[in-house]
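Below is one structure, written out as structure tokens, with a few remarks after it.
Any read-out appearing in this document is the output of simple, stated calculations on the displayed coordinates, not a laboratory observation. Because the structure is a prediction, the values reported are computed rather than measured. Cβ placement follows ideal geometry from the backbone for every residue including glycine, while neighbour counts extend to all protein chains displayed.
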């Protein structure tokens, strides 16, 4: 039985609006109590969280683990370790593996795999992700599927999408839509705009996303089912979701850090780590995404963590598979680009990264209320550091942010009350200690450099 | 006698290791290339069309896409300069068989090649290569991105006929969207102060191109009537398939240049084409072979321009080598 007392941190819990300096006691896998000056149980580990943010463990609702099929790129275990390194204690795994997760036994395989954090399987919407026949959603939900998605490829037929929404609503799960009109996208590899005109790369217009978002919103409205739009990237999509919400349609959406940090002009470097789907958009889209995050239109920030081997990415731009890793940079990119710039405050960041995605997925996470699972992220919001490839624990290193200077970093992750990740050199020594000595003056030392 | 010495006395403003495109290439750099090419152009009219300038320099022509004239033009340019040349024609299918561009290139580099002249269907492929190997890269066309030597030979031909390009009106006509020739021409023409008009069907016009300070129109007459140069692009038959064009017949009717259209142009306007020509589609045969046409001059000038580029890039490599410690000195007795 592990007891951990986190002392003197800024405790942020968006589930009940808490934002104050409080101690937090985690006992036997769950939040035991919180308050000022909690008595140290004799056998408890003490964490001095002074100057740190103590938040519910992050919930990344859009992750690609490559197991089964491409274990060279990521396994469930390696992805979960990367998650813990990034403060993510619950992740939702997309089903576009090989074979895809479209049967109860595969759902159980993902759910029960050895992992440092909670892995919640998302099951395929259609059998084999082919967009034709619905999966056995009731049994998949019973086996542990938290949502259904054919992410990576859109459900092309409006009829199939309609039936999927209706059926998923019956089993009480949302459909997560990869909204893309592939005919209009026409195998494009970058956003259509001046940058694509100059770069000569095949363009994909914003309309390819927005037409599909419109369709899916209309179907959600018509069926009353719950729709979650994945990786929203354009100004038009944000506006469509904003209006749908105003109309009372049960739609939620997420965006990813790369859609508020990078734009299509960056793609002119032909760096294949910048090839993502949907593509990096124009400056005006980036501004609209930030506005959507600020005003609450966008519910969640997810990584769309998509590991790819170096061999697969060291090719011509249009031959590279889309996707970048992101589990470990989810928080730092949010703090660096949104919190530091004043677009949102830290409590709103925690809501976007934890509380809200937990409620969309209907999982036990995103709160530090007594009795809740002992999933905690301790964040140093003032740590300026440089991301190096060696620091990344994911099996794949396909991040365009390697070399970037970031502000804010997770220093301790508790998953079900146990230490899942602990910053080694933080605070001039161990972050977790069994005594209460004040830590030495911390220096901003890039870890392992 | 020594060509390098003749040129060395002049102000040569070229310090680039690679020629990946004309975007960002300064006016002085372009003029250096054109002036250098003018000197090489004289060589081509000599009875012995060869100079020993690049003896010992090894150049590989790495063509991942079928090309006849550009590859021949480069090969001839390299041979006229006495470089050792290798031709590597990789079909895209061999890439599909498993060998990556990086591996292909590294294998070639292991053979101690100084310069890679590269044609590839993927935009950015030469940029990718330049990050992975030490040889200088000359872009001989990368997808719909750039084709800098084609633009340079176009500029050379225009300058030869018009004197200079400042204030001259140049119209580029045809499939603007898919053309690497357009993009390179655009940067080069702007650098030299020309006014550019792009004309073609709306489906073949890339978005937001007007932001590059060019005139964009779908009206052929408007595009050609006051032009000093009309540069006509090849229209590819495949463009009917992606529903870009209803038919080549209608394309010819709307945008084809024939004798009647020539009558709308200024009497001294030049007609150019990067080749190969679809006779009777974008250009009528009698116009292609007519007195306004400088199409064959472009081909001749292409060799001179490519000699200039290969020479200037080699010159930079030689200069860099001199600055490095003399490794051979240690093994010499």
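A few comments on the model shown:
- GNM flexibility winner over chain A from A:328, A:192, A:364 (Cα, springs under 10 Å): A:364
- Highest-MSF residue in chain A out of A:52, A:313, A:341 [GNM, Cα springs under 10 Å]: A:341
- Of all beta bridges that DSSP places with both ends in the protein assembly as shown, some 35 percent have antiparallel geometry.
- For chain B, the longest principal axis of the C-alpha atoms and the axis of helix B:180-191 are separated by about 80°.
- Ranked A:259, A:109, A:167, criterion: other C-beta atoms within 10 Å, fewest first: A:109, A:167, A:259
- The value of relative contact order for chain B, using C-alpha pairs under 8 Å at least six residues apart, is 19 percent.
- Rounded if a/c under 1.5, otherwise prolate or oblate - chain A, Cα gyration tensor axes: prolate
- Shape of segment A:82-227 from the C-alpha gyration tensor: oblate (a/c of 1.5 or more and a/b not above b/c, with a ≥ b ≥ c the square roots of its eigenvalues).
- Antiparallel content of DSSP bridges confined to segment A:57-361, in %, to 5: 5 percent
- Relative contact order %, chain A, counting alpha carbon pairs below 8 Å whose residues are six or more apart: 20 percent
- Note on B:205-217: average number of Cβ atoms from other chains within 10 Å of each residue's Cβ is 3.
- Here the extension length gained between residue A:291 and residue A:72 equals 75.0 nm, from 0.36 nm per residue of separation less the Cα-Cα distance.
- Acute angle (nearest 10 degrees) that the helix B:69-80 long axis makes with the longest principal axis of chain B, alpha-carbon atoms: 40 degrees
- Residue mean of other protein chain beta carbons inside 10 Å, A:199-206: 5
- Cβ crowding within 10 Å, taken as a proxy for footprinting-reagent exposure, orders A:62, B:178, B:26 from fewest neighbours to most as B:26, B:178, A:62.
- Counting beta carbons within 10 Å around each of A:181, B:134, A:266, A:13 and listing the fewest first gives the order B:134, A:266, A:181, A:13.
- When chain A is treated as a Gaussian network with alpha carbon springs shorter than 10 Å, the biggest mean-square fluctuation among A:243, A:162, A:348 belongs to A:243.
- Cα-based shape type of chain B, given that a ≥ b ≥ c are square roots of the gyration tensor eigenvalues and the cut on a/c is 1.5: prolate
- Span from the segment A:239-315 Cα centroid across to the segment B:195-215 one, whole angstrom: 29 Å
- Simple spin-label estimate for residue A:246 and residue A:133 in nanometres, 7 Å along Cα-Cβ: 4.4 nm
- Our estimate of slack between residue B:162 and residue B:291, defined as 0.36 nm per intervening residue step minus the Cα-Cα distance, is 44.9 nm.
- Average partner coverage of B:119-127, which counts Cβ from other chains inside 10 Å: 6
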